[in-house]
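Encoded as structure tokens, the structure appears first; notes follow it.
Rule-based calculations on the coordinates, nothing more; no lab input. This is a predicted model, so every value here is computed, not measured. Here the Cβ positions follow ideal geometry from the backbone for every residue, glycine too, while neighbour counts run over all protein chains shown.
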Amino acid sequence: EAGVTQFPSHSVIEKGQTVTLRCDPISGHDNLYWYRRVMGKEIKFLLHFVKESKQDESGMPNNRFLAERTGGTYSTLKVQPAELEDSGVYFCASSTRITTNEKLFFGSGTQLSVL
Amino acid sequence: TQLLEQSPQFLSIQEGENLTVYCNSSSVFSSLQWYRQEPGEGPVLLVTVVTGGEVKKLKRLTFQFGDARKDSSLHITAAQPGDTGLYLCAGSLSGGYQKVTFGTGTKLQVIP
């Protein structure tokens, strides 16, 4: 069974440019999450999809960030325009059910560097 | 935002030694998870504890959830070089979904 796949693994862009990160969850996982770790800080929640619907986007930093999940399958996270403080590792995770004990499967992350 | 403090931040020990990593918060969590992360990879779940005072064992790793569900510990017996990595605790609030709050992390190095 394929795991959570994220693309690209690394992205280096200049301030003001646009970047789109993609996440393919494990097949059949309705729940998809985006998390982020900025340098020196802990991993923080960004948002949660249940199928194609945004369940919770309370962690999104500002309106430069736009997440979508077309047809309830893969998800994209667009940053436009990117700022220096957006640099960090963006993780995607998926799970089957919304329960406290449900196992989260994480992707390997996208390392974003904004110069 | 709840904060989970882990200690120590860094730990370098010799193969065969024992160690304990602590995860503390002022908030009550409905469950707490421990993850291990290796460079270039995402966190991988090791265990979930849900009941105050619960103890779970995974080979040489022993996990305990505090009675008040505000803290947890991870004890490794006879550490091996393969245990090297970043250990993260993460707490879930009541409400039943996986919007977890991650701890600050403990970077463990086990020297052969």
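Once amide H atoms are built 1.01 Å from N in the peptide plane, which residues 5 or more positions from B:Thr84, or in another chain, come under 5 Å H to H?
B:Val110
Magnitude of the Cβ-charge dipole of chain B, K/R +1 and D/E -1, about the Cα centre, nearest 20 debye?
Working: 9 positive and 9 negative charges, 51 e Å.
About 240 debye.
Give me the inter-chain shielding for B:27-40: mean count of other chain Cβ atoms within 10 Å, whole number please.
Taking all residues of B:27-40 together, the mean is 2.
Over chain B, what is the mean sequence separation of C-alpha contacts under 8 Å (at least six apart), divided by residue count, expressed as relative contact order in percent? Could the numbers behind the result be given before it?
Values: 293 pairs, mean separation 40.8, N = 112.
RCO, chain B: 36 percent.
What aspartates and glutamates does B:Lys59 reach when the alpha-carbon gap must be under 13 Å and sequence neighbours fewer than 8 apart in one chain are set aside?
Within the straight-line cut-off, B:Lys59 pairs with B:Asp83.
Considering amide H positions built from the backbone, and no H for Pro or chain starts, which residues 5 or more places from A:Thr5, or on another chain, come under 5 Å of its amide H?
A:Asp24
Taking the number of other C-beta atoms within 10 Å as the exposure measure, put A:Met60, A:Met39 in order starting with the fewest. Let's see the in-between values first.
Details: A:Met60 18, A:Met39 8.
Ranking A:Met60, A:Met39 by Cβ neighbours within 10 Å, fewest first, gives A:Met39, A:Met60.
Report ³J(HN,Hα) in whole Hz for each residue of the range A:26-34, in order, from the Karplus equation J = 6.51 cos²θ - 1.76 cosθ + 1.60 where θ = phi - 60°; Gly and Pro get x.
5, 4, x, 7, 6, 9, 10, 10, 10
Hey, what do the phi angles of the range A:46-55 turn into as Karplus ³J(HN,Hα) couplings, whole Hz, using 6.51/-1.76/1.60 and θ = phi - 60°, x for Gly and Pro?
Running phi through 6.51 cos²θ - 1.76 cosθ + 1.60 with θ = phi - 60° gives 10, 7, 9, 9, 10, 6, 8, 9, 6, 7 Hz.
Between the range A:24-103 and the range B:3-82, what is the C-alpha centre distance in whole Å?
Going from one Cα centre to the other spans 25 Å.
Could you give me D for chain B, from Stokes-Einstein at 4 °C and 1.567 mPa s, where the hydrodynamic radius is the Kirkwood radius over C-alpha pairs? Units µm² s⁻¹, please.
93
Among A:Ile26, B:Ile111, A:Ile43, what is the fewest-to-most ranking by other Cβ atoms within 10 Å?
Sorted ascending by nearby Cβ count, the order is B:Ile111, A:Ile26, A:Ile43.
Of the listed pairs A:Lys78/B:Lys56; A:Lys78/A:Lys103; A:Lys78/B:Lys57; A:Lys51/B:Lys56, which have alpha-carbon separations greater than 31 Å here?
Correct reply: A:Lys78/B:Lys56; A:Lys78/B:Lys57; A:Lys51/B:Lys56.
Summarise the partner chain shielding of B:61-68 as one whole number: the mean count of Cβ atoms from other chains within 10 Å of each residue's Cβ.
Details: counts 0, 0, 0, 0, 0, 0, 0, 0.
Across B:61-68, the average partner-chain Cβ count within 10 Å equals 0.
Counting only other chains, what is the mean number of Cβ atoms within 10 angstrom of the Cβ of each residue in peptide B:42-52?
Partner-chain Cβ atoms within 10 Å, mean over residues of B:42-52: 4.
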